[in-house]
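The values are calculated or read from the model by the stated rules, or taken from the named source; none is laboratory data. Keep in mind that what you see is a predicted model, and the values were worked out from it rather than measured. Cβ coordinates were reconstructed from backbone atoms using ideal geometry, including for glycine residues, and neighbour counts include every protein chain displayed. Side chains included, ligands, DNA and RNA excluded: accessible areas come from the protein's heavy atoms. Shrake-Rupley method; radii C 1.70, N 1.55, O 1.52, S 1.80 Å.
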Amino acid sequence: MRELKTLFENNRAWAKRILENDPEAFLKLSKEQKPKYLWIGCSDSRMPANEILGLDPGEVFVHRNVANLCPHTDFNCLSVLQFGVEYLGVDQVIVCGHYGCGGVKASMETTQLGLIDNWLRNIRDVSSREKEELSQISDPEAKYRRLVELNVLHQVMNVCHTTIVQNAWAENRKLSIHGWVYDLETGLLKDLSACISSIEQVDETYRTLKLH
Ligand code: CO
């Protein structure tokens, strides 16, 4: 309980600091949010979106889950995506993984962890589809790092395969999906140069068009 008391003390000090800088900060934030970015990141406690990006409250809409996945059947992630894109007007979606991701690591092993193995199955699918490239890498650490990157790239495509993103493009909305990796050892972001901004960059199999 004493430990939680510290959190309330921290909270009061934080709110005071913000108000010293702008006495109306919370009043303004309470009225609306207009974030430009949607961050889909790992739940890992070492990668808080706002801090890494140097952004204030109200600037980034955030969805986090173990190993930053966006499976096409996950209504949680899809709902965040739809609300962010259609109602908040987000125009940059960032899928960000991180080296040293425990979820990715677990997907490379054979021992069960429990329920979570069913979630991490999505990364095993990535490994299976990228078997050819991954089998060329003999160093286990390098293979692990590459799987972190490939997982991000696949999740970027998953985001692009949604009707949400494709409808936004069909309406000529400016919307880009980015794939990044965060390095826990340096605190720095790496751009995987996988920016997708139009339907032409999506495999034809996954292209859909809404009937009007
Ligand atoms: Co992780």
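At a 1.4 Å probe radius, carbon and sulfur cover how many percent of the accessible area of segment 32-206? Each step should come with its number before you reach the end.
Numbers: 4470 of 9050 Å².
Here carbon and sulfur together make up 49 percent of the probe-accessible area.
Given 0.36 nm per residue, what is the gain on full extension from Thr110 to Glu132 after removing their alpha carbon distance, in nm? If you can, show how the numbers build up before the last one.
Values: separation 22, 0.36 × 22 = 7.92 nm, distance 1.98 nm.
Using 0.36 nm per residue and subtracting the Cα-Cα distance, I get 5.9 nm.
Per DSSP H run of at least 4 residues, take -39500 (n - 2.57); add these up for the chain, divide by its residues and hand me the 222 nm value, nearest 500 deg cm²/dmol. Could the numbers behind the result be given before it?
Values: 9 runs with 94 residues, N = 212.
Using -39500 (n - 2.57) per qualifying helix, the result is -13000 deg cm²/dmol.
Considering amide H positions built from the backbone, and no H for Pro or chain starts, which residues 5 or more places from Leu184, or on another chain, come under 5 Å of its amide H?
Tyr99
How much length is gained on full extension from Tyr87 to Arg17, taking 0.36 nm per residue of separation minus their Cα-Cα distance? Mind dumping the intermediate values first?
Numbers: separation 70, 0.36 × 70 = 25.20 nm, distance 3.05 nm.
Difference between extended and current length: 22.2 nm.
Report the charge-dipole magnitude of the chain in Debye, nearest 20, computed about the Cα centre from +1 at each Lys and Arg Cβ and -1 at each Asp and Glu Cβ.
Values: 24 positive and 29 negative charges, 94 e Å.
The dipole magnitude comes to about 460 debye.
List the residues whose amide H sits under 5 Å from the amide H of Gln92, counting only those 5 or more places along or on another chain, with H placed 1.01 Å from N in the peptide plane.
Counting only residues 5 or more places away or on other chains, the set is Leu38, Ser176.
How large is the accessible surface per residue of the chain, computed with a 1.4 Å probe and reported in Å² as a whole number?
Values: 12970 Å² over 212 residues.
Each residue of the chain exposes 61 Å² on average to a 1.4 Å probe.
Comparing Val95, Val66, Val104, which has the greatest mean-square fluctuation in the GNM of the chain with Cα pairs linked when under 10 Å apart?
Taking springs between Cα atoms under 10 Å, the residue moving most is Val66.
If r is the Cβ-Cβ distance from Glu141 to Ser176 and R0 is 41 Å, what FRET efficiency results, to the nearest 0.05? Please list the in-between numbers first.
Details: r = 31 Å, r/R0 = 0.76.
The pair Glu141/Ser176 has a calculated efficiency of 0.85.
Can you tell me which of Leu189, Leu115, Leu175 moves the most in a GNM of the chain? Springs connect C-alpha atoms under 10 Å apart.
In this elastic network of the chain, the residue with the biggest mean-square fluctuation among Leu189, Leu115, Leu175 is Leu115.
Normalised by the residues of segment 136-205, what does the relative contact order come to in percent, with Cα pairs under 8 Å and at least six apart?
Values: 66 pairs, mean separation 19.5, N = 70.
It comes to 28 percent, rounded to a whole number.
For Lys131, go through the lysines and keep the ones whose alpha-carbon is under 23 Å away, minus same-chain ones fewer than eight residues off.
Cross-link targets: Lys105, Lys143.
Hey, how many Å between the Cα centroid of segment 121-169 and the Cα centroid of segment 33-94?
19
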